[in-house]
Each structure stands twice: as structure tokens, then as C-alpha cells.
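Take a look at the structure set out below.
The values are calculated or read from the model by the stated rules, or taken from the named source; none is laboratory data. Quick caveat: nothing in here was measured; it's all calculated off a predicted structure. So basically every Cβ, Gly included, is an ideal-geometry build from the backbone, and we count neighbours across all protein chains shown. Surface areas here come from the heavy atoms of the whole protein model, side chains and all, with no ligands, DNA or RNA. Shrake-Rupley method; radii C 1.70, N 1.55, O 1.52, S 1.80 Å.
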Amino acid sequence: MSGIKILIVDESVLFRGMCSREIVNEAKSGCNVDKVGDAHEALRHINISEPDAILVNTKLTGMTGIDFIREVKGKYSSKIMAISTMESDRAAAIGVGADEFIVKPMGVAASRGSFLQMLARKIVQLATGVQPFARQPARGGAWCKIVAIGSSTGGTEALSEVLSHLRAPMPPILVVQHISAKFSKVFAARLNRECSFPVKEAEDGEMAKNNTIYVAPGDKHMSVAGSADSIRISCKAGPRIHGVTTSADVLFESVAKLIGNRAVGVILTGMGMDGAAKLLEMRQAGARTLGQDEQSCVVYGMPKAAFNMGAVEKQVSLKNMANEITALVRNG
């Protein structure tokens with residue numbers, strides 16, 4: 001990654017500084033990052049030293065980021081990543097030639113480590129010509145070793161809708177639902193009556209079996225250990241994460257590390273940010289990822305946070321989620 005040049009175009013001095021530091025850390029060595037606050041200054045900079053990649057906010061005073069991209073594309077070879085707090089800017093940015101588009105969280109969320117790390121990783125990858133996410137393995141057969149699902153507010157009904165429509169063959173399906181320990185076993189029993197294959201509350205140390213759904217105990221964090229071909233479930237008490245004692249972040253992180261690109265990650269309706277950052281780690285490891293769309297969510301919190309970070313490969317309605325999971329598991 002030696003010798004790459006990156007230009008940041010954003011009106012926020014604070015954001016430019018934080019993003020620059022994260023990019024330098026990501027590139028490790030040989031990366032020159034320049035920072036400007038408006039599009040006209042950026043154009044003057046490009047004329048002097050054409051960067052390998054440009055990170056530009058669409059919301060700029062004077063010449064907008066959209067107009068800037070239109071001006072640059074076709075004249076220079078720089079790759080362009082557009083960012084905006086408005087998802088509605090995506091079509092316009094891509095339409096005038098942006099190579100990537102990322103939703104920038106509002107306020108303090110834009111300074112959070114997980115978002116900045118993701119942004120830095122993707123802009124460095126653009127600058128060096130590396131694919132933004134890990135290459136997928138050849139599909140077909142039993143490529144998928146696990147389906148990991150996280151949900152919260154509204155999740156009990158959402159999970160009932162999704163899981164009851166799945167049919168064998170399926171890999172092990174591990175579910176984290178924010179629910180009290182008193183009700184997690186009852187919830188698993190309810191799903192067991194509704195689904196076409198067994199559902200149970202997960203137990204520490206048990207081996208994950210195909211065509212079986214495991215619900216995390218409400219007072220323990222669930223994760224995976226062992227190997228991709230011999231998955232062992234771990235259920236351990238631990239500190240609250242995102243205010244809950246069974247966290248989707250814990251499950252997703254362990255799946256990213258152990259299973260990598262042979263997994264499917266799903267984030268459903270729920271309040272807060274649990275699962276978002278670690279679903280991004282799953283996607284960066286090559287896993288396929290789905291998020292419930294806003295229209296079908298009871299609370300569009302967790303899926304929104306994951307989507308804004310770039311963790312969600314595809315947004316799907318609750319009605320179509322079982323079909324999408326099945327298609328990925330069967331065909332990749």
C-alpha cells in the first residue's frame with residue numbers, strides 16, 4: 001500500500017482530522033492524506049496532485065459534492081467515495097460517477113470508531129484497487145456453515161415469521177433475541193411448535209447441528225468456538241453490552257472470526273446499535289449479510305445502524321426474509 005494519495009473533502013474540520021488519522025492507521029505506511037473544506041479548493045488540489053481516491057461529502061456549501069463528482073469524473077482517474085447523512089443522495093452520487101456511497105451517521109455517531117474504521121478501510125481499498133469486501137468462496141453444496149441472527153424490539157414476532165418459513169436442509173441457525181432469562185426458554189419452546197425443525201434454548205458446550213435452531217439464553221452471551229466444520233456453542237455470563245446480557249455483537253464477532261466467508265448474518269428489528277459493528281466484521285470477512293427494511297420493522301434501529309455502517313449487503317422485507325436466507329444458503 002505504499003505511495004497512495006487520498007483527498008478528504010468535508011466541511012467539518014473535526015471529521016477531516018479524525019478520518020485522516022484513521023486512514024493513515026489503516027494504510028500502515030506510504031499514505032499521503034490531504035484535507036480540504038470545499039469543492040473549489042479540492043479541484044485546485046486535484047490539478048496539482050491527482051489523488052488515487054477522494055472521499056467527498058455530498059453536502060458542501062457552494063459547489064455541492066454531487067457537482068464536484070460530475071466535474072471530476074471523466075477528467076481524472078481518481079476513485080470517488082461519496083458520503084452523506086441522507087440515504088436519498090445515493091442515487092444522485094452513483095448516477096454522476098461515484099464508485100462508492102456511504103451513509104454518514106449524524107452528530108457524534110460519525111466519530112465512533114467502528115464507522116471511521118470501516119470508512120478508512122474502504123477508501124484505502126478504493127485507492128489500492130482492492131475489492132471492498134473479502135472475495136466469496138465458490139458456492140453450491142454445503143458452503144454455508146451457520147446462519148447467525150440478531151433482533152430486539154419486535155423481534156419475537158419477526159423471528160416467528162422468518163424461522164417458521166425455513167425448510168431443511170439448513171445449517172445450524174443461532175439466534176440472539178433481547179429477552180429476559182425467564183422467557184428465553186419459553187420463547188424457544190414456542191418457536192419449536194411453529195417451525196419445521198427443532199428449536200431449543202442453547203446450552204453451553206453443545207455441538208451445533210444442522211437443521212436445528214438455537215436461541216441464546218436471556219442472561220448469557222452466545223458465541224461459537226471450535227471450527228467451521230465442528231461448531232461448538234458457548235453460552236457464558238458476562239457484562240452488559242449495549243445494555244443487554246445477550247448481545248448480537250458477541251455472536252457476530254465470534255462468527256466472523258471462526259466461520260469467516262462461510263456464514264450468513266441477519267439483523268432484524270430492534271432498538272439501538274447492538275449487532276451493527278460486528279455484522280460489519282462478518283461482511284468484511286466475506287459473509288453474506290441481510291438486514292430487515294425500515295417499512296417492515298417495529299423499530300428501525302439496529303438494522304438502520306448496520307445499514308449505515310455498510311454492514312448490510314441487502315435490505316429485505318420481513319415477508320421475504322426467509323426466502324432470501326434460503327437462497328443464500330442454497331445458492332450463495
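Only aspartates and glutamates eight or more places from residue 122 in sequence, or on another chain, were considered; those with a Cα closer than 16 Å are 22, 26, 52, 99, 100, 281, 313.
Sequence neighbours fewer than 8 away in the same chain don't count; with that in mind, list the lysines whose C-alpha is under 21 Å from residue 319. Reachable lysines: 304.
The separation of the range 274-332 from the range 148-209, counted between C-alpha centres, amounts to 17 Å. Please name which of 113, 92, 65 has its Cα lying farthest along the dipole of the range 45-124 towards the positive end, using unit charges on Cβ (Lys, Arg +1; Asp, Glu -1) and the Cα centre as origin. The one lying farthest along the dipole's positive direction is 113.
The packing ranking, built from the mean of other Cβ atoms within 10 Å per residue, places the peptides 7-13, 318-324 in the order 7-13, 318-324, highest first.
Along the axis of the charge dipole computed for the chain (Cβ charges of +1 for Lys and Arg, -1 for Asp and Glu, origin at the Cα centre), the listed residues 20, 129, 228 are led at the positive end by 228.
Every helix of 4 or more DSSP H residues in the chain counts as -39500 (n - 2.57), and over all residues that averages to -11000 deg cm²/dmol at 222 nm. Note on residue 236 and residue 207: their simple-model spin labels are 2.2 nm apart, each label 7 Å out from Cα toward Cβ. Taking the Cα centre of the chain as origin and assigning +1 to Lys and Arg Cβ atoms and -1 to Asp and Glu Cβ atoms, the resulting dipole is close to 700 debye.
With a cut-off of 17 Å on the backbone N, the residues of the range 168-186 near the modelled label site 7 Å out from residue 160 along Cα-Cβ are 177-180, 183-186.
Projecting the Cα atoms of 171, 217, 7 onto the charge dipole of the chain, computed from C-beta unit charges around the Cα centre, puts 171 farthest toward the positive end.
Model label points for residue 185 and residue 88, set 7 angstrom from Cα along the Cα-to-Cβ axis, are 5.1 nm apart. Per-residue accessible area (protein heavy atoms, 1.4 Å probe) orders 122, 278 as 278, 122, starting from the largest.
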